[in-house]
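The values are calculated or read from the model by the stated rules, or taken from the named source; none is laboratory data. In this text, all values refer to a predicted model and were calculated from it rather than measured experimentally. Please note: Cβ atoms are built from the backbone with ideal geometry, for glycine as well, and neighbour counts cover all protein chains shown. SASA here: full protein model, heavy atoms, side chains in, ligands and nucleic acids out. Shrake-Rupley method; radii C 1.70, N 1.55, O 1.52, S 1.80 Å.
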Amino acid sequence: MSLDQPMGTVNDVPRTAPVLEVQDLRTYLYTRWGTTKAVDGVSFSLGSGETLGIVGESGSGKSMLALSLVRLTPEPAGKIVGGRVMLNGRNVLDLTDRQMREVRGKEISMILQDPQQSLNPVFSVGDQLAEAIRVHDRDLDDKLIHERSVDALKSVHVPAPERRLKNFPHQMSGGMKQRIVGAMAMAYQPQVLVADEPTTALDVTIQAQYLRLLKDLQERTGVAIIVITHDFGVIAETCDRVAVMYAGRFVEEGPVEQIFDHPRHPYTRALLESRPKVDLKSTRLQSIDGQPPSLIDLPIGCRFAARCAYAIERCLAEYPPWFEITEAHAAACWRSEEVPWPSP
Amino acid sequence: MSVRNQPARFESDTDEALELNFDIQGHPVRRPWWKVWSKRNNRVPWVSIFVVLFVLVLPALLADVITTHDPLRGVLADRLTPPFWMEGGTTTYPLGTDKQGRDILTRLIYGARISLTVSTITILIGAVVGSTLGLLAGYFGGWVDRFVSWLIDTFLSLPHVLLALVIVAAIGPSFVTIVAIIAVTIWASFARQVRGETLSVRETEYVARAHVAGTTSWRILLRHVLPNVANTLIVLATLQVGVVILEESSLSFIGAGIPRPNPSWGVMVADGRDQILISWWISFFPGLCILLVVLSLNLLGDWLRDFLDPKMRQRGRS
Amino acid sequence: MAEPLMVVESLSKHYPVSEGQYGGRTVGYVKAVDGVSFTIEKGRTLALVGESGCGKTTTARLVLRLRTPTGGTVKLEERDVHQLSGADLKWFRTSVQAVFQDPWASLSPRMRVRDIVAEPLVANHRVSKDEVRERVGVTLEKVGMQRWQGDLYPHEFSGGQRQRVALASALITEPRLLVLDEPVSALDVSVQAQVMNLLKDLQAELGTAFLLISHDLATVRYVADHVAVMYMGSIVESGSVDQIFETPRHPYTRGLFDAALPTHPRNRTEKLEIKGEMPSPLNPPTGCRFRTRCPQVMSICETVPETIEVAQGHRVACHLFTPEWS
């Protein structure tokens, strides 16, 4: 138990030196209704070749966290107001916009949820890939760019890459488009890849293929991946570690097996129990009553307390610190030791 | 084009955050309308509203009260009096007089009345005819749509000014002619816009739900489609007022519009044409009025478009 | 076996594909739904499962009489749904209702919740204002909402509550069949459970039959009694939920289960049976439509497979199970 670092995470010693270290990151949105604390003190670190899953519901701030990492928060409403994002030892938040453009793609890259929105409908795939490559190598001639583009498509197993380069986005299926987006993101072999709901727009069979592809890319290049999702299935399939996000903060973090076997935060448990299973006939699902709190007007105590079946008075009065369960597993809950699992 | 600086999908968090207008028990937090009004857009174009009100609407409604001069008959002895701040000017004629000794300000005020009348009538006709045809075409599709679309295409490609000249040459200029000509040219823009909106509303799930509920087509048109295209109609009508004023002035300027001696702004600009170097005020003030009013209406329309955007009310899903 | 409520026989919807402006000439057909047959039993749930473009949503729209079929029949209590008119049509509209996927799109933004909920009632019956008010109130309470919430507009609610409003509207005429088109896929995980539980409770209480359209196998397993798996416009396998989930037979069904995401990191996907993507519906493969992606493809698959009953109520359309091959 470490009361002195309430926002921080108990960091396990990563297998390798961390490529990305996020400390107490805060991103606020200044909206007409008030200040929305979308990311409110998030810390974690990521070693190369590692996959971290960030799981949360809509409005938990997970997408804003993803955008903050690559400094693409929506202007002018969104502002990163505090914390550090250390990428290869330097703070991304201190870079100029020009330097940041260099870093994006070369060191950190991003895949968005909807391939429809990530590709420009009026340019061919080849043009868009060439553009992505030119951002970093302004002097390459057309032939070299063509070669690089073909290589990029090959790396994501796009059949007949030469022909595909001439295609326009509308001539391709969703799965193919998402592969192209992946190819663009990975064209310069970044060390960190942020994937925000990479498969929600895809069909079941295509989704499995795509997650397989991400793993494959990771094995080949050693890229560290952050998968942002609402789906515990995606987490179970791809991640080494999991962080559960609720109302702008991480509430539990740990190795994937431990989170599934011994979740310590009531919210994690409720989420795990609320999903139906393909391989098991369930008679009744647990559901979480109520709504997440408004990110504008947050309670002083635990943010989940109002919906939590195990809340005590202390939960309402005081924000819980991180409680270490094992070296790598921690939960921000006053009663993490007492809550029964599996629930009765 | 920049591939990496794609407009990121940030609605999820911003909008969800905005959407959480609930207290902890899940009761919605209701805000008084004036708060919603002022919060929804804090850049109300007050200047435009002011201009439209004081240059167009109020003069048009209160012309007889504001001024005592006769807009049609002047005092020949006072012809070509300059505005009051210039040498030889007098406060009897604050903006001067034209070559027939008529007060420019008075004529501007009565001109506003003409502009407002012409635009109100033409837009009413254009909006009613255009949106009815647009609704029917968009909703029922098939041959109705093909016919209406063909009509729209045809009317939008007619050369308006030429058409006006031909008609005026044949039957002479009159108030009714100009209203008819402008109405004929603007209904098509209403029809096109409403047809497009209807096409998209028709495919929404709430229209499908209404069908499943057994609601009749006419009721669906009135209760589900029309209210959801109403915003577009309001915005378009506002923007069209400017267009109509401009068109009426242009036609009047070339003599195919409001017949003389009626004080249309376009006629006034035309009247001062040959004196522009000496008595510049005859053309300048009506020209300024046209510019200010049309510009303000466009700004107002743009603002209305944002203000009435359903996304500002009914926030989109992530 | 329960009584059949709705019987669908060789239902088809072929869309003409045309070239040129203002109509133009027809150059081919997209067979969105092609010879689909199934039965929905009273008070039970049939799920249509498949990926996008498999025709499940078009089937739902045909059943709801939102589209006219190009072949086959939909019979509700032995009456052909697409031949109804007048009073019979009103009877159909009160007997079959629907809940759509997107609660943000399925509620008219400019109507109050109470008017939305009352719509099916007002459209089909002559009822007094007081009675409408009362029935709306009762129905809102039935889906776990409060009466006063009827005065609000849809944008004042969260997704889960909106889906409850949609459900209340669908239930107000006490329909015998409710078509649920991806009713929870647009909702958050924790809210999905609320809505699914509510659906099950309502079915137990009111005896309404459900036609569930879904791409999510876990949802189907939780809610459905019978399952029909669709691929490119046809049903490839159907049976009870246990038959389909315990002993899937068709290679496509098995592939779907392989591809489904694991419920625990220990059960990570080992092998992917289904390769590639669904072919273009404009130019579908001859014979079995799945043969281009099937891991067990044979030469006979170029002919159309017949539907074989492999167990009581468990039907498969695959050559692997035709007597002369198995």
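Here are the numbers for the structure shown:
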quantity	calculated
Surface accessible to a 1.4 Å probe, A:M86 within the full protein complex, Å²	40
Which of B:L165, C:G53, B:V128, positive extreme of dipole for the protein assembly as shown (C-beta unit charges)	B:L165
Anisotropy class of region C:62-129 from Cα gyration tensor, a/c 1.5 cut	oblate
Whichever aspartates and glutamates have a C-alpha closer than 13 Å to that of A:K166, once near sequence neighbours (fewer than 8 apart) are set aside	A:D127
Area of A:I180 that stays accessible when all protein chains are in place (1.4 Å probe, Å², to 10)	0
Region C:4-321 - accessible surface per residue (Å², probe 1.4 Å)	39
Largest to smallest accessible area among C:D181, B:D302 [probe 1.4 Å]	B:D302, C:D181
5 angstrom amide H check on A:K277, placed H, neighbours 5+ away	A:S282
For region B:79-95, 3J(HN,Hα) per residue [Karplus equation, 6.51 cos²θ - 1.76 cosθ + 1.60, θ = phi - 60°, Hz, x = Gly/Pro]	4, 6, 6, x, x, 4, 7, 9, 5, x, x, 9, 6, 4, 10, x, 10
Cα-centre dipole for the protein assembly as shown with unit charges at Cβ (Lys and Arg positive, Asp and Glu negative), debye to 20	1800
Chain A, relative contact order [Cα under 8 Å, separation at least 6], %	23
Accessible area (Å², 1.4 Å probe, nearest 10) - C:V127	40
Lysines whose Cα lies under 17 Å from that of C:K13, excluding same-chain neighbours fewer than 8 positions away	C:K31, C:K56, C:K75
Loss of accessible area when B meets A, both sides summed, Å² nearest 100, probe 1.4 Å	3100
Heavy-atom accessible area per residue - chain A, 1.4 Å, Å²	39
Helix-derived mean residue ellipticity, 222 nm - over chain C, DSSP H n ≥ 4, -39500 (n - 2.57), to 500	-9000 deg cm²/dmol
Accessible surface buried upon A-C contact (total; probe 1.4 Å; Å², nearest 100)	3800
Cα gyration tensor, region A:240-344 - rounded (a/c under 1.5), prolate or oblate	oblate
Heavy-atom accessible surface of the protein assembly as shown: percent carbon and sulfur, 1.4 Å	55
Extreme residue, positive dipole direction of chain C, given options C:Q149, C:I244, C:L187 (C-beta unit charges)	C:Q149
Pairwise burial C:B, computed as accessible area of each alone minus the pair, summed, 1.4 Å, Å²	3200
Sum of -39500 (n - 2.57) over DSSP H runs of 4+, divided by residues of chain A (222 nm, nearest 500)	-9000 deg cm²/dmol
Coil-residue GluC sites (Glu not before Pro) of region B:180-282, DSSP, other Cβ within 10 Å capped at 16	B:E203
Sequence-distant lysines (8 or more away, or on other chains) whose Cα lies within less than 28 Å of A:K79	A:K37, A:K62, A:K106, B:K35, B:K39, B:K311
